[in-house]
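Remarks on the structure that follows.
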Amino acid sequence: MVERVPESINFPSEEENVLQFWQTKDCFQECLKQSKNRPKFTFYDGPPFATGLPHYGHILAGTIKDIVTRFAHQSGFHVDRRFGWDCHGLPVEYEIDKTLGIKGPADVAKMGIAEYNQQCRNIVMRYSNEWKILVNRMGRWIDFENDYKTLYPWFMESVWWVFKQLYDKGMVYRGVKVMPFSTACNTPLSNFESNQNYKDVQDPSVIVNFPLVGSEDVALIAWTTTPWTLPSNLALCVNPDFLYVKVKDNATEKTYIMMEARLGALFRSESEYTLLDKFPGKTLKGKKYKPLFEYFAKCEETGAFQVVLDNYVKEEEGTGVVHQAPYFGADDYRVCTEYKIIQRDQAPICPVDASGCFTSEVTDFAGQYVKGQGVDLTRLASNGTALANKEHDATVH
């Protein structure tokens, strides 16, 4: 006999009734028992962190995973569904660093690795109960009692074993990639991790001139929102298809080259400058300029300190001349590699350590935090090459 559906349904109450029925009958475990002799269907379920509460992304992904495994079960397979917990990575360490006031590797070493690891273990399952409640309410059938944690030695050993199989088959290579980096945590970040704390902040910007070799009275001018990368400058990039101009600053009598569409970035009105010449960006290719610093002057032997071309240079901001520090920007790295200014297998030109401080190579600022108050922008351009510096709205993580 089919029960009559009431006109008014209390959905929260019905949810509780269904969950209670599943729990009383132990439906999930019963399904596993009944299917144990069937062919196995293996599903690798990427584990979440238990140091944070589940969000929409977890709910969506978990629902899709439940659909896949339920369908496999209903198609005649035995499907072990073990919940896992990701106990490694920045979320756990970041929480401990905040709680204990840890500022860097020196503080961790002072505490001791064993004690630091124990502190991480103490919080790694902080929200596990909340996860269980929500996952069950989602209607997802998965085994929490027989779960796994990435901190188990047997789990880590299995990962290394898999990696070795890939290595032995020649499927692993060593490469270089520009990545987001946390100077607080002393580690590269995934794009997901860097976007987790994405916010708008104010950063200093600077317009710098780069005198041309053989025509020192003429300078290319570049605008940068990361003046701390200027010591690592190896090239200047312009757009080959846009128009560039040579203009004289009527106030200073100095001559500059920049994109025509960006004259407003340097001059408030046409009366402030005199137009001397106009030409496409491609005519600037290969022109040499004087480097701001001598830190990496030897790189001139491989083609550094010249103008290169690429269409990634836009006319919406800046001066149309983009300063290239190849190990601090993905486009910079790509362009400088294409022009063979750097090689993929060479030692990176990165005079910044894991804590975000200039290394000894940058003698004027060695030991200083790159975004600290001690790095004086008026000194960044050593020979009077800084035209202006100002505050601007920059989007950074």
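Of the residues contained in region 97-117, none is found to be polar (S, T, N, Q) and in contact with an Asp or Glu (Cβ under 7 Å, 6 or more places away or on another chain).
If you check Thr252 against the conditions, is it in the same structural domain as Cys336 (by TED's automatic domain parsing), touching a strand residue (DSSP E or B) at 6+ places or on another chain (Cβ under 8 Å), among the β-branched types (Val, Ile, Thr) and more than 30 Å from Tyr369 (Cα to Cα)? Spelling it out, it is not the case that Thr252 is in the same structural domain as Cys336 (by TED's automatic domain parsing), touching a strand residue (DSSP E or B) at 6+ places or on another chain (Cβ under 8 Å), among the β-branched types (Val, Ile, Thr) and more than 30 Å from Tyr369 (Cα to Cα).
Within region 137-151, if we keep just the residues that are under 30 Å from Phe71 (Cα atoms) and either out of contact with any Phe, Trp or Tyr (no Cβ under 8 Å at 6 or more places or on another chain) or free of Cβ contacts under 8 Å to residues at least 12 places away in the same chain (or both), the residue that is surrounded by the most Cβ atoms within 10 Å (Cβ to Cβ) turns out to be Arg140.
Does Thr51 fit the bill of being farther than 18 Å from Phe192 by Cβ, assigned by TED's automatic domain parsing to the domain that holds Ile133 and out of contact with any Leu (no Cβ under 6 Å at 6 or more places or on another chain)? No. Considering only region 62-81, I want to know if a residue exists there that is closer than 24 Å to Gln119 by Cβ, touching a Phe, Trp or Tyr at 6+ places or on another chain (Cβ under 8 Å) and touching a residue at least 12 places away in the same chain (Cβ under 8 Å). No: region 62-81 contains no residue that is closer than 24 Å to Gln119 by Cβ, touching a Phe, Trp or Tyr at 6+ places or on another chain (Cβ under 8 Å) and touching a residue at least 12 places away in the same chain (Cβ under 8 Å).
For Pro204, all conditions in the list (1) assigned by TED's automatic domain parsing to the domain that holds Tyr289; (2) farther than 21 Å from Val362 by Cβ; (3) surrounded by 14 or more Cβ atoms within 10 Å (Cβ to Cβ); (4) of a type outside the set (A, V, I, L, M, F, W, C) hold save one; what is the number of the exception? Against the list (1) assigned by TED's automatic domain parsing to the domain that holds Tyr289; (2) farther than 21 Å from Val362 by Cβ; (3) surrounded by 14 or more Cβ atoms within 10 Å (Cβ to Cβ); (4) of a type outside the set (A, V, I, L, M, F, W, C), Pro204 comes up short only on (2). Would region 93-111 turn up any residue that is within 27 Å of Phe181 (Cα to Cα) and part of a strand (DSSP E or B)? No, every residue in region 93-111 fails to be within 27 Å of Phe181 (Cα to Cα) and part of a strand (DSSP E or B). The set of residues in region 282-314 being surrounded by fewer than 18 Cβ atoms within 10 Å (Cβ to Cβ) and assigned to a helix (DSSP H, G or I) consists of Lys282, Thr283, Ala297, Lys298, Glu300, Glu301, Thr302. Screening the candidates Val124, Val92, Val79 for the property of being under 30 Å from Cys357 (Cα atoms) and surrounded by 15 or more Cβ atoms within 10 Å (Cβ to Cβ) yields one hit, Val92. Taken as a whole, region 60-76 holds at least one residue that is in contact with a Pro (Cβ under 8 Å, 6 or more places away or on another chain) and surrounded by fewer than 16 Cβ atoms within 10 Å (Cβ to Cβ).
Taken over region 129-166, the criterion of being touching a strand residue (DSSP E or B) at 6+ places or on another chain (Cβ under 7 Å) and part of a helix (DSSP H, G or I) is satisfied by Lys132, Phe155. A search for C-beta distances below 9 Å between a residue of region 154-177 that is free of Cβ contacts under 8 Å to residues at least 40 places away in the same chain and any residue that is polar (S, T, N, Q) and assigned to a loop (DSSP other than H, G, I, E, B), counting only pairs 6+ apart in sequence or on different chains, returns Met156/Thr150; Val159/Thr150. So in region 168-181, with the set limited to residues that are exposed (fewer than 12 other Cβ atoms within 10 Å of the Cβ) and not small (Gly, Ala, Ser), which one is modelled with the lowest pLDDT? Going through the qualifying residues, I end up with Arg174.
Put simply, of Thr69, Thr63 the only residue that is over 31 Å from the mean Cα position of the chain (by Cα), assigned to a helix (DSSP H, G or I) and more than 30 Å from Asp353 (Cβ to Cβ) is Thr69.
All of Val18, Val2 fail the test of being under 19 Å from Asp66 (Cα atoms), among the β-branched types (Val, Ile, Thr) and not assigned by TED's automatic domain parsing to the domain that holds Val135, apart from Val18.
The values are calculated or read from the model by the stated rules, or taken from the named source; none is laboratory data. Keep in mind that what you see is a predicted model, and the values were worked out from it rather than measured. Here the Cβ is made from the backbone with ideal geometry for all residues, glycine too, and neighbour counts use every protein chain on show.
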